[in-house]
Structure formats: C-alpha cells, structure tokens
1. Just want the ordering: Ser196, Ser164, Ser154, from fewest to most Cβ atoms lying within 10 Å of their own Cβ.
2. What trypsin sites (Lys or Arg not before Pro) in region 156-199 are in a loop by DSSP, with at most 11 other Cβ atoms within 10 Å of the Cβ?
3. Going by how many other beta carbons lie within 10 Å of each one, how would you line up Asp91, Asp131, Asp82, fewest first?
4. May I ask which of Lys85/Lys176; Lys120/Lys170; Lys85/Lys202 have a Cα-Cα span longer than 23 Å here?
5. For each of His80, His93, count neighbouring Cβ atoms within 10 Å of the residue's Cβ, then give the residues from fewest to most.
6. Distance between the C-alpha centers of region 89-134 and region 152-175? Whole Å please.
Amino acid sequence: MNSRKEYILFLLIGIVTLVLGTTGCSKQQSATLNNRMKTQDTATTVSNDTGEATKGTSESATLTNGTSDASDASDKSGYHCDIEKDKKNFDGHVDIVVGNNLYTTQINDWYMNFDQYVGKTVEIEGYYIDDYAPYTFIGRYGPTCPYCNGGYVSFEFYTQEDLSLLKSAKDWINVKGILRQGEDPSGIFYYIEVLSFVKMDKVGMDTVTN
C-alpha cells in the first residue's frame, strides 16, 4: 500500500476477515502491505527499463527522532501540532486509558471512527516499534488478521524525545498524548502527539486477544 489511508482501509477489511474466520498471515506479509509499516530490510520489487522485476532492499538509517536519512521536510510537516506548547498545557488528565482488555478493539475504533476521538488525551502501553522507519509505533502482538499472527496491533506516535537507545519490539513504553490527524503527500493519517513518554522496567501483556 502507498498511504496511511490505505493502511486504515486494510484494517477495515480485516474486520470482515475476522468475522469470516480467515486465518492469519505472517508479520512479514502484513508489514509489506503498508509503506508506513514497512520493515527496513523488507525485499521490494521494482521495475527496470526493460520491464523486468528486480529485487532490492530498503535500509533506512534511523535517526534519534525516529526519522530516516531518506525522509524530507514533508515527513515532519504532516504532523500539525506544537508539542512543547501542548506539554506546558498538559495537566495530566487522560480521557482514555487503553488497558489489556479490548486493546485491539479500542485501537481499531480509533481508525474507524477517528472523528469521535480527535483531540482526546489517551494513555497506552506497549512495545516501542521502530521497524517501519521513518514512522514510530506503539503496540502489541495480535493473534489474527488484520493484525496477523505475530504481527502488531499498533498506532503511530510522534515525539521529539531521543529514542536512540530504545530497542524495537523489545522495550516496553508508556505513552500519554493527544490523538491527532495529520496529512502528507500520501494522504490523511492518525497519530498520537506524545506529551509524556516513559520507558517501563518490565514488559506487560505483550500479546492481546481482543
């Protein structure tokens, strides 16, 4: 897929597959369906002048802010928020806490009904996921599509914190922030503007079922 919007569509399609009892796919298959969750070493197919398909790899160098050398100003311009100002105004109040139960359901509802959530302050825990540079996610493992066996139930976040010492899919984090809508050349997307970011000492429930 070529945009955040298509990723959301993928999630919606996944709801149907859940109802029909479709079996899960691999994390690698899931990741390659969306350029916002494309692994750094995922094999990609391109066409040369002869029309022949050739294989290559995407190996973005991740910077401390979760962006890559390949990213440009348009990547950051899509995040319409003033983190420093919002941090100063943040009184600690949280509208929605995403717990172990209904973790998947809540995130899926954000994607489907974002107009009901935009501007809400949320708290969520999960793995720090930086497998899909230049975008960073928070999430956990899910059992079935649309998240796929071994794949992530996740949501994008945006922060100016130094994340260089964190290990993707190993470090457990707690994030508090505001649900925002952004837009870049690929279309509209949703993310959490991070107001509080904490690396936790222990990993929580890393696999969710609902």
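Every read-out reported here was derived from the displayed coordinates using simple, explicitly stated rules and does not represent laboratory data. Everything numeric here is computed off the predicted structure, so don't read it as measured data. Cβ atoms come from the backbone with ideal geometry, glycine included; neighbour counts cover every protein chain shown.
1. Numbers: Ser196 16, Ser164 11, Ser154 22.
Least crowded to most crowded, the residues run Ser164, Ser196, Ser154.
2. Sites meeting the loop and neighbour criteria: Lys167, Lys170.
3. Working: Asp91 5, Asp131 21, Asp82 11.
Least to most surrounded, the residues fall as Asp91, Asp82, Asp131.
4. On the way: Lys85/Lys176 15 Å; Lys120/Lys170 28 Å; Lys85/Lys202 31 Å.
The pairs that break the limit, which is 23 Å between Cα atoms, are Lys120/Lys170; Lys85/Lys202.
5. Values: His80 10, His93 7.
In increasing order of surrounding Cβ atoms, one gets His93, His80.
6. Spelled out, the Cα-based centre of one part sits 13 Å from the other.
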